[in-house]
1. What tally of residues in the range 99-108 results from selecting those that are farther than 19 Å from Tyr19 by Cβ and either touching a His at 6+ places or on another chain (Cβ under 6 Å) or among the β-branched types (Val, Ile, Thr) (or both)?
2. Just to be sure, is Tyr66 in a strand (DSSP E or B), of a type outside the set (A, V, I, L, M) and out of contact with any Pro (no Cβ under 7 Å at 6 or more places or on another chain)?
3. Could you go through the range 28-38 and let me know if any residue there is out of contact with any Lys or Arg (no Cβ under 6 Å at 6 or more places or on another chain), assigned to a loop (DSSP other than H, G, I, E, B) and either among the aromatic types (Phe, Trp, Tyr) or more than 26 Å from Asp95 (Cα to Cα) (or both).
4. Six or more apart or on different chains, Cβ atoms under 8 Å: show the pairs whose first residue is in the range 97-113 and within 18 Å of Phe48 (Cβ to Cβ) and whose second is at pLDDT 95 or above and of a type in the set (Asp, Glu).
5. Against the conditions (1) surrounded by 11 or more Cβ atoms within 10 Å (Cβ to Cβ); (2) in contact with a Leu (Cβ under 7 Å, 6 or more places away or on another chain); (3) without any contact (Cβ under 8 Å) to a residue 12 or more places away in the chain, where does Ile31 fall short? Just the number, please.
6. Restricting the first residue to the range 74-90 and requiring it to be surrounded by fewer than 13 Cβ atoms within 10 Å (Cβ to Cβ), which pairs with a second residue that is of a type in the set (S, T, N, Q) meet a Cβ separation below 6 Å and a spacing of at least six or different chains?
Amino acid sequence: MTHLYYFKIINKSFLFKVYEIKVKAFVVKEINNLNGNDLLLTPIIMEFNSLALIERFNLRHIFQCYIGDNNLQSRTDYAAQFFTKADARKELNQDGHSIFFQVMAKHSLTGFTTVKTMKYHHALRIQNGKFLSGNSFKIVEYRQETE
C-alpha cells in the first residue's frame with residue numbers, strides 16, 4: 001500500500017485572490033564546513049505542484065475552527081492540498097534531516113510574488129488522517145472503505 005503525504009495551504013486574504021501558485025518540497029540536511037553550515041537540498045517529487053488560481057477567503061468560514069468543522073455549505077476554493085508519494089516519515093527519522101515545504105504565489109492586485117516556507121523537523125508532525133475542508137488544518141481519522 002502506498003501512503004500519500006499531504007500539505008495544505010489556505011489563502012487568508014478577504015479581498016484578493018492569488019495567482020500562479022507553485023509548491024516545492026525538499027529534504028534538507030545541514031553540511032558542516034570550516035566556517036559554517038550549508039544546506040544540502042534534495043527535491044521531493046510533488047504529484048501536482050501548481051495551480052493557476054486560489055480564490056479569496058470565504059468570510060462565512062472565519063470562525064470555523066471555533067464553531068465547528070463539519071458540513072460546510074459554501075465554497076471552500078480558498079484552500080488547496082498538494083501531496084507526494086515520497087516517504088516523508090522515513091526522511092524525517094534520519095538524523096539531521098528536515099523537510100521544507102515552499103509556496104510561491106502572486107498577489108492579484110500588486111502582482112508581487114511571495115514565498116512562504118514551512119519547516120518540518122520531526123516525524124511527530126506527520127499524522128494519519130485527512131484534512132478537514134475549508135479554514136482548518138485539523139486532521140481527522142480516515143478509514144478507507146473496503147469491498
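The values are calculated or read from the model by the stated rules, or taken from the named source; none is laboratory data. These numbers come from a predicted model, not from an experiment. Methodologically, a virtual Cβ is constructed for each residue, glycine included, from the backbone with ideal geometry; neighbour enumeration extends over all protein chains shown.
1. Here is the first cut: in the range 99-108, the residues farther than 19 Å from Tyr19 by Cβ are 99-101.
In the following step, the residues that additionally are either touching a His at 6+ places or on another chain (Cβ under 6 Å) or among the β-branched types (Val, Ile, Thr) (or both) were identified as 99.
Residues that pass the stated criteria total 1.
2. Values: in a strand (DSSP E or B): no; of a type outside the set (A, V, I, L, M): yes; out of contact with any Pro (no Cβ under 7 Å at 6 or more places or on another chain): yes.
Criteria not met by Tyr66.
3. Going through the range 28-38, the residues out of contact with any Lys or Arg (no Cβ under 6 Å at 6 or more places or on another chain) turn out to be 28-38.
Adding the requirement that they be assigned to a loop (DSSP other than H, G, I, E, B) leaves 34-35.
Retained after the next criterion (residues that are either among the aromatic types (Phe, Trp, Tyr) or more than 26 Å from Asp95 (Cα to Cα) (or both)): none.
No: the range 28-38 contains no residue that is out of contact with any Lys or Arg (no Cβ under 6 Å at 6 or more places or on another chain), assigned to a loop (DSSP other than H, G, I, E, B) and either among the aromatic types (Phe, Trp, Tyr) or more than 26 Å from Asp95 (Cα to Cα) (or both).
4. Pairs found: Met104/Glu20; Ala105/Glu20.
5. (1)
6. Hits for this filter: Ser74/Asn58; Arg75/Asn58.
Residues checked against (1) of a type in the set (Val, Ile, Thr); (2) not in a helix (DSSP H, G or I):
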position: Arg60; (1), (2): no, no
position: Gln73; (1), (2): no, yes
position: Asp77; (1), (2): no, yes
position: Arg89; (1), (2): no, no
position: Phe100; (1), (2): no, yes
position: Val115; (1), (2): yes, yes
position: Lys119; (1), (2): no, yes
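Yes/no matrix, rows are residues, columns are (1) at pLDDT below 95; (2) within 24 Å of Phe16 (Cβ to Cβ); (3) in contact with a Lys or Arg (Cβ under 6 Å, 6 or more places away or on another chain); (4) among the hydroxyl-bearing types (Ser, Thr, Tyr):
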| residue | (1), (2), (3), (4) |
| --- | --- |
| Ile62 | yes, yes, no, no |
| Cys65 | yes, yes, no, no |
| Ser74 | yes, yes, yes, yes |
| Asp77 | yes, yes, no, no |
| Arg89 | yes, no, no, no |
| His97 | yes, no, yes, no |
| Thr110 | yes, yes, no, yes |
